[in-house]
Every structure is written in C-alpha cells, then in structure tokens.
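S.K.: Below you will find the structure I want to go over with you.
The values are calculated or read from the model by the stated rules, or taken from the named source; none is laboratory data. All of these numbers come straight from a predicted model, not from anything done at the bench. Quick reminder, even Gly has a Cβ in these numbers, built from the backbone with ideal geometry, and neighbours come from all protein chains shown.
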Amino acid sequence: MPVSRGRKPKKNKQAARAQKAQPLESAALPAWMRESIENVLDGAGVLLKAESPRELEQATASLLGAELHRALQGENGGLDFDLFFEAVVLAASNAEPRQELWLLLQGMSSISPPGFESFVRSGVSRLRKALRSEILPDWPQLASKNKVTGDVWEIQDVYGTRLGVLATFGYPGGAAPTVYLFEIDISWIPRLGGGAVYDSLDQAVEAWRQRFGEQAAPVPVTDPRRLEGLVNRSLDIIGDESRATLDNWYRAERRYLDLDTALKNRGLRLPPSSHYLDFDTAVMTGPFNAWHLETFGNEPDDLVVEDLAAEWMEGIVPATWFAVSPDRLEHIGALIGDWPDDTVRPAAQALLPKWVRWLGERSGLPSPLVEAMVTQTTK
C-alpha cells in the first residue's frame, strides 16, 4: 500500500559489486535466473546480425532487458539484477566457446555497471583465447569505449514532471556520434523511465515530442544543478518498471557515470545526491494561503494545508515542487488515501482540487489540462 516517502540513504552499489564477481553455484540461483541465463545464451545468436558497436550494444541491452522484464512479470523472488548480470557473464565465459557468446560479452562490456568492468573484460579475454582459431571482427572491441563527446541538453514535458537529458556519445575511430536520451520520471521519487540512442539531437527531440508533446524544446545545460532529477533517479526495483526501463537498467547507469566524468573534466559538477529530508512547507503554504484568500475570501485550515504541503513536497525534486501533473496527482491521491481515518484526511482530499487549480494557474498550464486534473481529484 502507498506510504509516506521518507527517504533512506542509497546503498553504495559500486562497493557491493566489487565484493561480488566470485564463483557462483548455478543451483544456488533463483529458478527464474537459471532459466533466463539459458534464454540469454540461447538467444545470443541475434548478436551475429550486429554490424556496429551501437547495434551490438542495443541488441545486448534488449536481450538482457527482455529477461529482466519476464522475471518482473512473474511471481519470482530473488530479483537481484546485479547478480543476474554477474551470472550471465560467468555462464557465457564457461560455456562451450561460440562467437555469439564473445559478442555477448563485448556487448555487456559496453553497458557494464560500475564494479563489473574488469570482471567482464576477463570473460571477453577468456573467450577470445578459446576462439583463437576463428577470425573475429575488430569493431566489437570498440563497444566498451563509448564516451561522451559533446554538449548536454535537457528537455521537459508540458507539466514539468518528465525530464529528458540528452548527451552526445561516440566511439573511437571517427564513428558517427550518437545521442543518448535519459528519460526520468520526476513526478514522484525520480525514477528511470527509459532511455534510447539516436543518430542526432533532432531525432532524439522528435522522439520525445511524439511521446510528451510537440511544444517541448531542448535547452543546453550550462548549470549542472538543472540535472538534480537525473542525479537522484532511483534504480531500486519497485515492480512496475516498463520494458523500456529494463532495457536500459544497466546501460543508463553506465552512461550516467560517463556523463558525470565528462562534466567534471569540463569543470562542471553534478549536484550531490539529496534525500530531501529537510524542507520548509512555508515555501508552498504561504503562497497557497494568499491565493486562497484572494480567490475565495478566506484562508483554509492551517493544519490541513501544512499536512498536504508536507506530503506533496517530500521525496520530489525541490525545483518541481510547484509542478502538477496527472501522474503526480495519482501518487499524492494514493498517499493521502492511506492516511489514518481522521478529520485531516477527508479535509485534505476536499482541498486538493483547489491546490491543483492554484498550481496549474501558477505554472501557466493550458486551461483544459488544469480542468482535467481538477476533475481527476474528484473521482
């Protein structure tokens, strides 16, 4: 059931991964994982169709993402996606040598999460030696050398609760650069919504507009603090992740770290991860009370407004506190509905339509969008 969103410090995943990368007993793995490993190894033949590092990376990400999605859709325990990544590397390294398994490990090296890089490279080297008699192409070795090469842009949907971060990447040897689009849902606790690789900025922007509105326009990032939603995205498994999210489960983190390094080299630093534990509700209650007084001739109950503002502000990116969207309303409605059955909960539910109208007008949203959200709060 929905609960209020007190944030916990994030675990140091890189340190945890460094402690892994040790021999695994197949029998000790969850059943879904053993089946998925077989599916990945059996399906690796699709990688033989790849003709470039980008195609290999995409095919590998999709091959693994399909199994993560299958596992999430079933009634499975032990959903440790890091362990799955490690187990696939070990299985491919120890299987009967085949060119497609060498390609699989090359592709996995291009999306390898931090802490696994040398582990994957060891598997690549092992298979390369085992396939010594075969003539293998040189280009797959470029897959893991994808680096940020250009500028960074941000783009948002009309509500301001979907963030797109676009960064130019490229491979050595003069290969054409590509644009990776991080899609972050910032309507609640920032979450990875997906990701994709495009040939150009225009192509990436067009794809975004088709999903989130024709008016969206990219803005060059000159202040890294604008990317707070990207920094604080959650990669914890919730259970409703889309296939697009799971296709990018490993790759998005790898690309994020590459982006972080590139920005530091340019003298720009991403903001530190924040858990939003300390905030002043007066930032929102004051302006809302003033609007309510001007609009309706009276002020609402202070306790109700205080509780509503606290629930609204907790856990979301501070720069979006005054943003309102259907997705954000869905979250807040579920959270308020889970409050204890006292006088505050129904009063907050009754006040929510006015809160939405205030935020919609303040944000300059088109009237039809505002009215639709007001209606949403009364259902």
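S.K.: Can you find a residue in segment 264-276 that is hydrophobic (A, V, I, L, M, F, W, C), more than 21 Å from VAL324 (Cα to Cα), surrounded by 15 or more Cβ atoms within 10 Å (Cβ to Cβ) and modelled with pLDDT under 95?
M.R.: Applying the first criterion (hydrophobic (A, V, I, L, M, F, W, C)) to segment 264-276 yields 268, 270.
Restricting the remaining residues to those that are more than 21 Å from VAL324 (Cα to Cα) gives 268, 270.
Filter once more, keeping what is surrounded by 15 or more Cβ atoms within 10 Å (Cβ to Cβ): 268, 270.
Next, from what is left, pick out any that are modelled with pLDDT under 95: 268, 270.
The answer is yes; a qualifying residue exists.
S.K.: Does segment 270-285 contain at least one residue that is of a type in the set (Gly, Ala, Ser) and farther than 30 Å from ASP260 by Cα?
M.R.: Taking segment 270-285 first, the residues of a type in the set (Gly, Ala, Ser) are 273-274, 282.
Within this subset, residues satisfying the condition of being farther than 30 Å from ASP260 by Cα are 282.
Yes, segment 270-285 has at least one match.
S.K.: Yes or no: PHE169 surrounded by fewer than 22 Cβ atoms within 10 Å (Cβ to Cβ), touching an Asp or Glu at 6+ places or on another chain (Cβ under 9 Å) and under 24 Å from ARG266 (Cα atoms)?
M.R.: yes
S.K.: If the Cβ limit is 7 Å and pairs must be 6+ apart or interchain, which residue in segment 245-258 that is at pLDDT below 95 pairs with which residue that is among the charged types (D, E, K, R)?
M.R.: If the second residue must be among the charged types (D, E, K, R), the pairs left are ASP258/LYS147.
S.K.: Would you point out the residue of segment 291-320, among those that are farther than 19 Å from ASP342 by Cα and of a type in the set (Gly, Ala, Ser), that is surrounded by the most Cβ atoms within 10 Å (Cβ to Cβ)?
M.R.: Restricting to residues being farther than 19 Å from ASP342 by Cα and of a type in the set (Gly, Ala, Ser), the top hit is GLY315.
S.K.: For segment 158-182, what are the residues that are free of Cβ contacts under 8 Å to residues at least 60 places away in the same chain and not in a strand (DSSP E or B)?
M.R.: PRO172, GLY173, GLY174, ALA176, PRO177
S.K.: On the given criteria, is VAL370 in contact with a helix residue (DSSP H, G or I) (Cβ under 6 Å, 6 or more places away or on another chain), more than 26 Å from VAL158 (Cβ to Cβ) and not assigned by TED's automatic domain parsing to the domain that holds VAL152? Can you show your working first?
M.R.: Values: in contact with a helix residue (DSSP H, G or I) (Cβ under 6 Å, 6 or more places away or on another chain): yes; more than 26 Å from VAL158 (Cβ to Cβ): no; not assigned by TED's automatic domain parsing to the domain that holds VAL152: yes.
Judged against the criteria, VAL370 is not a match.
S.K.: Hey, another quick one. If only one of ARG191, ARG226 is more than 28 Å from PRO368 (Cα to Cα) and of a type in the set (Lys, Arg), which one is it? Steps first, please.
M.R.: On the way: ARG191 fails: more than 28 Å from PRO368 (Cα to Cα).
Matching residue, one of ARG191, ARG226: ARG226.
S.K.: A further question on this structure: Exactly one condition in (1) more than 28 Å from ARG225 (Cβ to Cβ); (2) free of Cβ contacts under 8 Å to residues at least 60 places away in the same chain is not met by GLY337; state its number.
M.R.: GLY337 satisfies every listed condition except (2).
S.K.: Looking at segment 159-167, is at least one residue over 19 Å from the mean Cα position of the chain (by Cα) and not basic (Lys, Arg)?
M.R.: First, the residues of segment 159-167 that are over 19 Å from the mean Cα position of the chain (by Cα): none.
No; the residues of segment 159-167 include none that is over 19 Å from the mean Cα position of the chain (by Cα) and not basic (Lys, Arg).
S.K.: Here is a further query. Among the residues of segment 321-379, write down those that are of a type in the set (Val, Ile, Thr) and either surrounded by 15 or more Cβ atoms within 10 Å (Cβ to Cβ) or closer than 21 Å to GLU294 by Cα (or both).
M.R.: Taking segment 321-379 as the starting set, the residues that turn out to be of a type in the set (Val, Ile, Thr) are 324, 332, 336, 343-344, 356, 370, 374-375, 377-378.
Listed by number, the residues that qualify are VAL324, ILE332, ILE336, VAL344, VAL356, VAL370, VAL374, THR377.
S.K.: Please indicate, with yes or no, whether at least one residue in segment 30-44 is within 18 Å of TRP139 (Cα to Cα) and either within 23 Å of the chain's Cα centre (by Cα) or in a helix (DSSP H, G or I) (or both).
M.R.: Checking segment 30-44: at least one residue is within 18 Å of TRP139 (Cα to Cα) and either within 23 Å of the chain's Cα centre (by Cα) or in a helix (DSSP H, G or I) (or both).
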